[in-house]
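Every number in this text was worked out from the coordinates using simple rules, so none of it is lab data. In this text the structure is predicted, and so the values were computed from the model without any measurement. Neighbour counts are summed over all protein chains in view; Cβ atoms, including those assigned to glycine, are modelled from backbone coordinates with ideal geometry.
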Amino acid sequence: MGGHTIECPCGTVLRGDDADAVAVEAQRHAKAVHDMDLSDEQARAMARPA
Ligand SMILES: [Zn+2]
């Protein structure tokens, strides 16, 4: 259980304790930085075990 990461196409790497947590971080990042709404499914599909 080493957490999960999502690498945004812009190069930013989001990290979380699990796929759900990192998905929330990715949604926050996408909205704040890219003004993009990422669905739960899209965000979770990008999560990779760290
Ligand atoms: Zn980004």
Which of the residues spanning the range 7-26 are outside any helix (DSSP H, G or I) and either among the aliphatic types (A, V, I, L, M) or surrounded by 12 or more Cβ atoms within 10 Å (Cβ to Cβ) (or both)? GLU7, CYS8, THR12, VAL13, LEU14, ARG15, GLY16, ASP17, ASP18
Being away from the ligand (no atom under 15 Å from the Cβ) and either surrounded by 14 or more Cβ atoms within 10 Å (Cβ to Cβ) or not polar (S, T, N, Q) (or both) narrows it down to one residue among HIS34, HIS4, HIS29; which is it? HIS4
